[in-house]
């Protein structure tokens, strides 16, 4: 079992409290509406401390939660001790998912692609493990425009150190557009927080054709 780095432990200490406030401000409703679309065997990439878990449908045959941060994985284990849905918690790397091709009906990611080392490779892996016709449900903060984008560029080096690799200025939507996914729906909205580098948000659904 891997040992958490100092940065991972630091992130695991402050992130759950910060996000709990954001959830109460309206983020939880966004998750609930988005994850209601999950069906069949479902994989969540970067489950963190499990903020999405309560919002999945109760009739999923299995929910696999992948979380590479050992400190977060400990919190996740505590949260999902007696879930309604059969849950499997695994360590893993989004760049090399340890699942066969076409293993899942649904893959989800929430505020994850900002921090993966190679998001294009991670998206290819998501595409690979989805069944044909399977859906990718995404909920990601993205690069803004104008002054905000400049501000994100300036603060990204600091944010990466404090937030376990988070790139405030990552253009997830453009990356998604270069993949083999068919984007079915995308909503441009705002995260309910005063942390201005992560306010722009996209929530949507893409299908493996």
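The values are calculated or read from the model by the stated rules, or taken from the named source; none is laboratory data. Because the structure is a prediction, the values reported are computed rather than measured. No Cβ is skipped: glycine too gets one built from the backbone with ideal geometry, and neighbour counts run over all protein chains shown.
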Original post:
Within segment 114-133, can one find any residue that is surrounded by fewer than 15 Cβ atoms within 10 Å (Cβ to Cβ), in contact (Cβ under 8 Å) with a residue 60 or more places away in the chain and farther than 24 Å from residue 11 by Cα?
Top reply: yes
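Yes/no matrix, rows are residues, columns are (1) part of a strand (DSSP E or B); (2) closer than 14 Å to residue 63 by Cα:
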| site | (1), (2) |
| --- | --- |
| 76 | no, yes |
| 85 | no, yes |
| 100 | no, no |
| 106 | yes, yes |
| 113 | no, no |
| 117 | no, no |
| 122 | no, no |
| 126 | no, no |
Original post:
Given the conditions (1) surrounded by 15 or more Cβ atoms within 10 Å (Cβ to Cβ); (2) farther than 23 Å from residue 195 by Cα; (3) touching a helix residue (DSSP H, G or I) at 6+ places or on another chain (Cβ under 7 Å); (4) at pLDDT below 95, and given that residue 8 satisfies all but one, which numbered condition is not satisfied?
Top reply: (2)
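Just give me the residues in segment 65-75 being surrounded by fewer than 22 Cβ atoms within 10 Å (Cβ to Cβ) and either within 20 Å of residue 133 (Cβ to Cβ) or under 14 Å from the mean Cα position of the chain (by Cα) (or both), in sequence order. I'd like the intermediate steps shown before the answer.
Looking only at segment 65-75, we keep the residues that are surrounded by fewer than 22 Cβ atoms within 10 Å (Cβ to Cβ), and these are 68, 70-71, 74-75.
The one that is surrounded by fewer than 22 Cβ atoms within 10 Å (Cβ to Cβ) and either within 20 Å of residue 133 (Cβ to Cβ) or under 14 Å from the mean Cα position of the chain (by Cα) (or both): 68.
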Original post:
Residues in segment 153-184 that are surrounded by 14 or more Cβ atoms within 10 Å (Cβ to Cβ), farther than 12 Å from residue 123 by Cα and in contact with a strand residue (DSSP E or B) (Cβ under 7 Å, 6 or more places away or on another chain): how many?
Top reply: 1
